[in-house]
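Heads up: the structure comes next, in structure tokens.
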Amino acid sequence: MRFSAHSALESARKILNASPLRVAQPDLRIGLESQILLAHHLHTDRVFLHTHPESSLTPTQARRFFESIQKRALGYPIEYLTHKVSFYAREFSIDSHTLIPRPETEILIDKAQEVLHTHDHRTIAEVGTGSGVIAITLALQNPKIHIYATDINPRALRVARQNAARFGVDSRITFLHTSLLDGLNTHIDMLISNPPYIPDTYPLPLSVRYEPQEALFGGEVGSEILHALIELAKARKIACVCCEMGYDQKADIQAFVRDIPHKSLAFYTDLSGFDRGFILQF
Ligand SMILES: C[S@@+](CC[C@H](N)C(=O)[O-])C[C@H]1O[C@@H](n2cnc3c(N)ncnc32)[C@H](O)[C@@H]1O
């Protein structure tokens, strides 16, 4: 059976409208998501679908499109279906082994940039690079820096390496399969991280359940890796630590840093006004 783009979109809307995802996410943009997925499978864009509603799908395209609609109906993230995500106005590749970069992490980039404008930090480390969006964005914006980007997940590192090569910054980012900064003996000027910071027992909403567990959960309390990064920076004389954190972790970080000599600790909020990260200078 051949579907026109128009009838495929109609059927997809009905499936999504009756789905568990619609219940979990009442504001789901069903028409938009159907179009994005159809455009992906037809290797075109949404404008083409609007201007060519009569264009038809091959049986293979139709099967793949409806498989992806069925997966989406169960809450599987659209970014994992299209393998694309926008971060800092650039399009990165991702897959299900990497966290889906969040818009609030763009603020971490802005905060790191503020530090880099006033300090001549040339050697940066990123812990937990995932798809590489932080390291790659910083490398693109700061031609003089070199970044060491680590992750415990080799499959995420493969995606990060591909992204770095695509953006032409692979010679300025050294990707390392390691925990924290283990085995990296180079002097580091600045440490940046969006580490896992959710407490292990926190019940995840449907939208996050398909993302890698090691990218989300930070330990029993949640802030364990944040603490480890601060201790590491102190021990290795790293001048600055920029981290994203959970909206409820400000008091925890303040208490942890209280007895550690430092120059300054500044917190920042996200666009919803929630505490979202800190810049710690030694
Ligand atoms: C929240 S994700 C951040 C990914 C990416 N930087 C971003 O902002 O989209 C955290 C990443 O840290 C990695 N990770 C978890 N524990 C780690 C550790 N001990 N050392 C290095 N990376 C770790 C996970 O595999 C995951 O890719």
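Data table
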quantity: Selected residue (only one of 118, 82 is polar (S, T, N, Q) and open to solvent by less than 20 Å² (accessible area, probe 1.4 Å)); calculated: 82
quantity: Residue list for region 178-232, restricted to those being part of a loop (DSSP other than H, G, I, E, B), within 11 Å of the ligand (Cβ to nearest atom) and either among the β-branched types (Val, Ile, Thr) or open to solvent by 40 Å² or more (accessible area, probe 1.4 Å) (or both); calculated: 178, 179, 180, 182
quantity: Check on residue 37, surrounded by fewer than 18 Cβ atoms within 10 Å (Cβ to Cβ), farther than 18 Å from residue 241 by Cβ and under 22 Å from the mean Cα position of the chain (by Cα); calculated: no
quantity: Looking only at region 91-113, and only at residues there that are closer than 19 Å to residue 280 by Cβ and free of Cβ contacts under 8 Å to residues at least 40 places away in the same chain, the one that is farthest from the chain's Cα centre (by Cα); calculated: 113
quantity: Residue 64 being part of a loop (DSSP other than H, G, I, E, B) and either open to solvent by 10 Å² or more (accessible area, probe 1.4 Å) or touching a Gly at 6+ places or on another chain (Cβ under 6 Å) (or both); calculated: no
quantity: Sole exception among (1) within 12 Å of the ligand (Cβ to nearest atom); (2) touching a Ser or Thr at 6+ places or on another chain (Cβ under 6 Å) for residue 154, by number; calculated: (2)
quantity: Residue match in region 103-120 (condition: touching an Asp or Glu at 6+ places or on another chain (Cβ under 8 Å), assigned to a helix (DSSP H, G or I), within 14 Å of the ligand (Cβ to nearest atom) and farther than 28 Å from residue 236 by Cα); calculated: no
quantity: Tabulated pairs, region 232-256, first in contact (Cβ under 8 Å) with a residue 60 or more places away in the chain, second aromatic (Phe, Trp, Tyr), C-beta under 8 angstrom, 6+ apart or interchain; calculated: 238/282; 239/282; 240/282; 242/278; 243/278; 244/197
quantity: Leading residue by the ranking (modelled with the lowest pLDDT) among those in region 30-61 that are in a helix (DSSP H, G or I) and among the charged types (D, E, K, R); calculated: 46
quantity: Residue match in region 127-136 (condition: crowded, with 24+ Cβ neighbours inside 10 Å, among the polar types (S, T, N, Q) and either within 11 Å of the ligand (Cβ to nearest atom) or part of a loop (DSSP other than H, G, I, E, B) (or both)); calculated: yes
quantity: Out of 253, 238, sole residue that is assigned by TED's automatic domain parsing to the domain that holds residue 180, under 17 Å from residue 108 (Cα atoms) and buried (at least 17 other Cβ atoms within 10 Å of the Cβ); calculated: 253
quantity: Only one of 54, 104, 67, 91 that is within 21 Å of residue 276 (Cα to Cα) and not hydroxyl-bearing (Ser, Thr, Tyr); calculated: 104
quantity: Residues located in region 129-153, provided they are closer than 16 Å to residue 195 by Cα and not polar (S, T, N, Q); calculated: 130, 132, 133, 134, 135, 148, 149, 151, 152
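Rundown of residues vs (1) of a type in the set (Val, Ile, Thr); (2) under 25 Å from residue 131 (Cβ atoms); (3) assigned by TED's automatic domain parsing to the domain that holds residue 7, yes/no style:
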{"position": "37", "(1), (2), (3)": "no, yes, yes"}
{"position": "41", "(1), (2), (3)": "no, yes, yes"}
{"position": "48", "(1), (2), (3)": "no, no, yes"}
{"position": "53", "(1), (2), (3)": "no, no, yes"}
{"position": "57", "(1), (2), (3)": "no, no, yes"}
{"position": "61", "(1), (2), (3)": "no, no, yes"}
{"position": "71", "(1), (2), (3)": "no, yes, yes"}
{"position": "81", "(1), (2), (3)": "no, yes, no"}
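The values are calculated or read from the model by the stated rules, or taken from the named source; none is laboratory data. Owing to the predicted nature of the structure, the values given are computational and were not obtained by experimental measurement. Using ideal geometry, Cβ is built from the backbone for each residue, glycine included, and neighbour counts are taken over all protein chains shown. The accessibility values were calculated without ligands, DNA or RNA, using every heavy atom of the protein model including side chains. Shrake-Rupley method; radii C 1.70, N 1.55, O 1.52, S 1.80 Å.
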